[in-house]
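Asker: Mind looking over this structure? Questions follow.
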Amino acid sequence: MERQPLSIDENLPIKPLVSTDEKVRVFQRKLYLRAKQDKSFKAYSLYDKICQPHVLQEAWQRVKTGKQEYDGGGVDKITFGMIEKKGVPRFLCDIRNDLLNKTYCPQAIRRVMIDKAGSKEKRPLGIPTIRDRVVQMAVKMMIEPLFEADFIETSYGFRPKKSAQDAIRKIKENLFAGYQFVYDADLSKYFDTIPHDKLMKVVSGRLADKSIQKLLRMWLRSPVKLPSGQLEKSRVGTPQGGVISPLLANVYMNVFDQLIDDPEGAYAKEDIRIVRYADDFILMKTKHYPAKILRRMNNTLTRMGLTINEKKTKLLHISKSSFSFLGFEFRMVQSKFKWNTKRYTNIRPSIKSRSKLYANISDCLGKRRHWKIEPMVYKLNEILIGWLNYYSISGITHIWDTVSHIKWHLDYKLYKWLKSKGRKAHKALRQRPFESLVKYKHLLDIEKYASLKYHAKAPGRTLSVSRMSE
């Protein structure tokens, strides 16, 4: 029987059986399990993995998804739009050729100054070029499982499937268990003071691939281009804003985590627990901290080349003083019922967090006086939903008083904004602007939203505006 000729429609889109993300995750899982099972395991040949087309393609997708508002490209001024216009496959092919030929060399880092929350100071960020970010992301995806196998459970910053909300839950759990003596620590300019030689020594404990080590050293030593145009040499630190920086910062700080978490160490004998998010950490204990333990901790951080900010570091008991962590305030409050003499842990957004929200609302309304109501409501809903999703933790935070203050503040600001449009414009809406816009223009009902968030069964569950209108 004669075979029928096969014809393929060239215009038919072909979807890969396995996505690039899935391929990367399968490899990451295998590497993680290997490192978890063998504490002495080292990776010697990962460089060829970062050169694979599907890895670079996935790195590009993640870098593009994670771009920031302040992102205007690196020192080469090349943006995502420019790359897409010329062709992403060509862009990735050039990167792959440079990596395979060992001719890749990172460019200088662009310095950007952003506002620091709750302070008049500016926070320096280092923005690599998009080309460098793609390579950093490819390296990060391949080496992250090695170090994830060593990280302790109570380290939450910049880690897969961990969040700031998880850290808050853990702190409340510790307080409920009696760990109410708190050492609230603050490291001075942690990202900017990490010693390169000590960091690479820690990295080499798991990563023995010399080619990837060379890439890491080049990124750490990349000069910083200041706004004046001058180039500044990089001798210490890993720039905030780089894709690889959070992972390297966690790898180095994990040395301190392991000392605290060591079941046979001096800190375990004192029954000390640690909760850390990036460079912010607190130690929790059931009794007073011996002076020798505090000296030991300071000496350890000093040997690591780090410095504790004495002005922002506090030693306290939760029943006598409150403390803030990741934008949340922890305090003990009396029960509202007169017959109940017990005191309970109350977790709410800090005053600085609330002030930052007010500033965002004022900035939003102040710069958009000419906008119509519908787009302004959409913009305000974005701000409010983002803020409430972060601070409303199911069964943990109590933000009813805060929400009431926000509602009053928003009502006043909306009144001023509507009035600025003219004496007769929207006169009916100005009577009770917040309630009117909620009823007629689909502004978010923040009290109802916060209630749904608090009573949601799934931890960290986010809600949509569409559900609010049901």
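Asker: Would you mind putting 394-400, 136-142 in packing order, based on average other-beta-carbon counts within 10 Å, highest first? Show your work: numbers first, answer last.
Answerer: Values: 394-400: 17.1, 136-142: 24.0.
For the peptides 394-400, 136-142, the packing ranking is 136-142, 394-400.
Asker: Cut-off 20 Å, label point 7 angstrom out along Cα-to-Cβ of Ser204: give me the residues of segment 230-249 whose amide nitrogen falls inside.
Answerer: Residues 235-238, 248-249 qualify, since their backbone N sits under 20 Å from the label point.
Asker: If I stretch the segment between His455 and Asp76 completely, what's the gain in nm (0.36 nm per residue apart, minus their alpha carbon distance), one decimal?
Answerer: On the way: separation 379, 0.36 × 379 = 136.44 nm, distance 4.89 nm.
Difference between extended and current length: 131.6 nm.
Asker: Sort 240-253, 191-204 by packing, meaning the average of other beta carbons within 10 Å per residue, with the highest value first. Don't skip to the answer; put the middle values down first.
Answerer: Details: 240-253: 22.2, 191-204: 17.1.
Going by the mean number of other Cβ atoms within 10 Å, highest first, we get 240-253, 191-204.
Asker: Which entries in the list Lys416/Lys441; Lys161/Lys407; Lys49/Lys77; Lys122/Lys352 go over 22 Å, if you measure between the two C-alpha atoms of each? Present the calculation step by step, with values, prior to reporting the outcome.
Answerer: On the way: Lys416/Lys441 17 Å; Lys161/Lys407 32 Å; Lys49/Lys77 29 Å; Lys122/Lys352 16 Å.
From Lys416/Lys441; Lys161/Lys407; Lys49/Lys77; Lys122/Lys352, over 22 Å: Lys161/Lys407; Lys49/Lys77.
Asker: Scaled to the compact-protein estimate 2.2 N^0.38 Å, what is the alpha-carbon radius of gyration of the chain, rounded to two decimal places? Don't jump to the answer; show the numbers that get you there.
Answerer: On the way: Rg = 25.9 Å, N = 470, 2.2 N^0.38 = 22.8 Å.
Compared with the compact-globule rule of thumb, the chain sits at 1.13.
Asker: Now for a separate question. What is the antiparallel percent of DSSP beta bridges lying wholly in the chain, to the nearest 5? Can you show the working numbers first?
Answerer: On the way: 35 of 40 bridges.
Among the beta bridges of the chain, antiparallel pairing accounts for roughly 90 percent.
Asker: Any number yet on Rg/Rh for segment 355-418, C-alpha, Kirkwood?
Answerer: Numbers: Rg = 12.5 Å, Rh = 12.6 Å.
My calculation of the ratio gives 1.00.
Asker: Rounded to the nearest 5, what % of the DSSP beta bridges within segment 95-248 are antiparallel ones? Working shown, then result.
Answerer: Values: 9 of 12 bridges.
So the antiparallel bridges in segment 95-248 amount to around 75 percent.
Asker: Another question about this same structure. Taking a 1.4 Å probe, which of Trp60, Trp339 shows the most accessible area, and what order do the others take after it? Mind showing how you got there, number by number?
Answerer: Values: Trp60 5, Trp339 195 Å².
Ranked list, largest accessible area first: Trp339, Trp60.
Asker: Hey, if we sort Asp186, Asp271, Asp209, Asp115 by accessible area with the 1.4 Å probe, largest down, what's the order? If you can, show how the numbers build up before the last one.
Answerer: Numbers: Asp186 35, Asp271 60, Asp209 10, Asp115 110 Å².
The ordering from most to least exposed comes out as Asp115, Asp271, Asp186, Asp209.
Asker: I would also like to ask the following. Which of the DSSP-defined H helices in the chain satisfy a minimum axial length of 24 Å, computed from C-alpha atoms, and a minimum mean Kyte-Doolittle hydropathy of 0.0? Please report the intermediate quantities before stating the final value.
Answerer: On the way: long enough: 20-37 (26 Å, -1.14); 130-148 (26 Å, 0.38); 373-391 (27 Å, 0.33); 400-419 (28 Å, -0.79).
Once both thresholds are applied, what remains is 130-148, 373-391.
The values are calculated or read from the model by the stated rules, or taken from the named source; none is laboratory data. Keep in mind that what you see is a predicted model, and the values were worked out from it rather than measured. As a convention, Cβ positions derive from the backbone with ideal geometry for all residues, glycine included, and neighbour counts pool all protein chains shown. In case anyone asks, the SASA skips ligands and DNA or RNA and just uses the protein heavy atoms, side chains included. Shrake-Rupley method; radii C 1.70, N 1.55, O 1.52, S 1.80 Å.
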